[in-house]
Amino acid sequence: MVEVRRLRSGEPREVAGYRLLGVLGDGGQGSVYLGEDADGGQAAVKVLHARLVTDRRAVRRFLAEAQTAEKVAGHGTARVMEAGVLDDRPYLVSEFVDGPSLQQYVAGNGPLRGADLLALAVATATSLAAIHEAEIVHRDFKPNNVLMGPDGPRVIDFGVARTPDSATTATSSVVGTPGYMAPEQISGEPVTPASDMFAWASTMAYAATGVSLFGGDSIPAVMHRILNADPDLTGVEEPLRSVLSSCLAKVPAHRPGAAEVLTSLAKRTQETRPAARRVKRRRRRLAVAGMAVLILGGGAIGLLTRGNTGQGGNPAEASEMNAGNGPMVFGNDSDTISKIAIGTGDDMGDMKDMGNVGIVAVANETKGRIQLWLPDMQDLLDQVPIGTKKVTSLAFTKVGKQSVVVWAGVEGVVRTWTPSKGKQVVATQVCKGHVTLSVVPVKQRPAAYLMCSEGFMRVWDLATKANHGGVRRMPEVTDATWAGTGTDVFAVLSKGVVQQIDPWGGAKKTMTVQAARASGVEVAAGLVAVRVNGVGVRMYDQKTNRLRCTVKVPSKSALADDFALTKNALVTGINGVTVWNPRTCKRLYTMSDISGGPVTALTVGQLDGVQSLVVAKPKEELAVWELRGP
């Protein structure tokens, strides 16, 4: 948690509708306060020092910070929400990052090591790459300007940032913090993106060692070392040490750019990774020695097992054959998984040569991480903090050619993570209460349909992070899903009513299903499956609105929140995992290895071109089965 100082006499109590709760920090330009709006939302409110309000240049620079920050919003920086002048005193309202600065974090917890240090280096270098791509030079990158937020590091304070061609020299004003300034800043030469890379390397060295790279004594002595001394990086481990060394070159032209640093970090990390943990540079099929196949009611369900070579023609035989082999498993059997999503990782590192290799994303509530797994190698590829008390929805999609993981939480925030770009997580407040989401292609672009508990839905463009289809007011929503066309929304409302809505056609409702105690809905192939508490799953015909059949919950049996519907199968977590014929509600198969007991999450999707089912249970590894249709 970030430290907040009490307000002193003479300090403002309210700015632009934000009640000020305390002081987050003081700087040369102004003070930053923790503000709260009328709805209880928190923000960082920066106010120019009273002594500077008559300094026109200071006022211009302060207000320009908002414009500069907006150019790189969503790239590991704190989002600016509002800026203006109140009673002749400029202010700036930005996203509140509930975490200490890197300076405070290292002082309180000690230096970072291993994966945590590399994650910090990658995230901050990614931010600088975006800043430089926008033709901006930060000019004051230092440990105090990196906030260690719950969803990843954030780069802040663009108050002295400039475009490269407008950077000032020492003859007018030396801008920066002495221990993290580049030699050219001290010498009065033009400041460029290379100057930021020197400051970045000095900051990462501090994170790795806990001490300033060029000392902390007098300013003249520190500046002399920056200009003349070779930095001592013996306390920094590889692969980071070599990268920092190149960024600390005295000559700006000899330093790599942020994009080069990211490439070098990825390459050196791969070179130092133990061979047993490397992902093979070939496509791994989600297949094993054999499978038991059950054909029943015109449909077929295949169970993906390890070592099973027999064939079975009835449930009893298939169950017996499967008992000793089990599904393919991965993960940690001590973790609780609340949500699962399936995607591809062909744009990630070593998997670029492997085609559309299947990746499973999980919300690991025990570890507090969103994790990416390669199931057939039982390999944890990467992970980032969840950043929420509870994950309500999780999706794995493509934005352009890049894989993106999207999840929502109970506090109304949607988070996106592009693994190929590092560990940076972008968080956007979209609702006041909890939010559920589903990702679909809308007008040839990936979008998330967001349903807010306070009673509205919106279509959110994943590429631009902007509203794509406006806002629809509606009764309180408890859950939602979407048809595969991306044009019809099926929402479960607060009184258990399921509605089909055309988000592009105004308020017209084309279908309504009354289902008391409804709490979930899935749609596929003209069928609508509605989860009804205490009853089971009801199957409706989408065109006629007619109830086809009901999958009933046995007495005293648990029904998992997650269930899945495909063209040929309804998969539920009733007494374990059971597969049903979705048109007749007849049981096709109960998977013997995972029958009985609660199921925390399940999903169906394509893993290496195979329709697959992934299941999570408490105190068990995740299980993967192949789901096959006729």
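The values are calculated or read from the model by the stated rules, or taken from the named source; none is laboratory data. This structure is a prediction, so every number in the text was calculated from the model and none was measured. Every residue, glycine among them, receives a Cβ derived from its backbone with ideal geometry; neighbour counts consider all protein chains shown.
What to note about this one:
- Within the range 111-130, the set of residues being buried (at least 21 other Cβ atoms within 10 Å of the Cβ) and among the acidic types (Asp, Glu) is empty.
- Identification of strands (runs of 3 or more DSSP E) wholly contained in the range 1-110 with 2 or more residues that are surrounded by fewer than 17 Cβ atoms within 10 Å (Cβ to Cβ) yields 18-26, 80-86.
- All told, Thr77 falls short of being hydroxyl-bearing (Ser, Thr, Tyr) and over 21 Å from Val384 (Cβ atoms).
- In the range 137-169, the residue that is nearest to Ser187 (Cα to Cα) out of those that are at pLDDT 85 or above, in a loop (DSSP other than H, G, I, E, B) and among the charged types (D, E, K, R) is Arg139.
- Taking the range 246-264 as the range and being surrounded by 20 or more Cβ atoms within 10 Å (Cβ to Cβ) and within 24 Å of the chain's Cα centre (by Cα) as the test, the residues that pass are Ala258, Val261, Leu262.
- For the range 332-344, a residue qualifies if it is surrounded by fewer than 21 Cβ atoms within 10 Å (Cβ to Cβ), at pLDDT 85 or above and of a type in the set (Gly, Ala, Ser), and exactly one does: Ser338.
- Pick from the range 372-403, criterion part of a loop (DSSP other than H, G, I, E, B) and not charged (D, E, K, R), ranking: farthest from Thr428 (Cα to Cα): Gln378
- If the condition is being assigned to a strand (DSSP E or B) and either under 15 Å from Thr416 (Cβ atoms) or modelled with pLDDT under 70 (or both), then the range 450-473 contributes Leu450, Trp460, Asp461, Asn467, His468, Gly469, Gly470, Val471, Arg472, Arg473.
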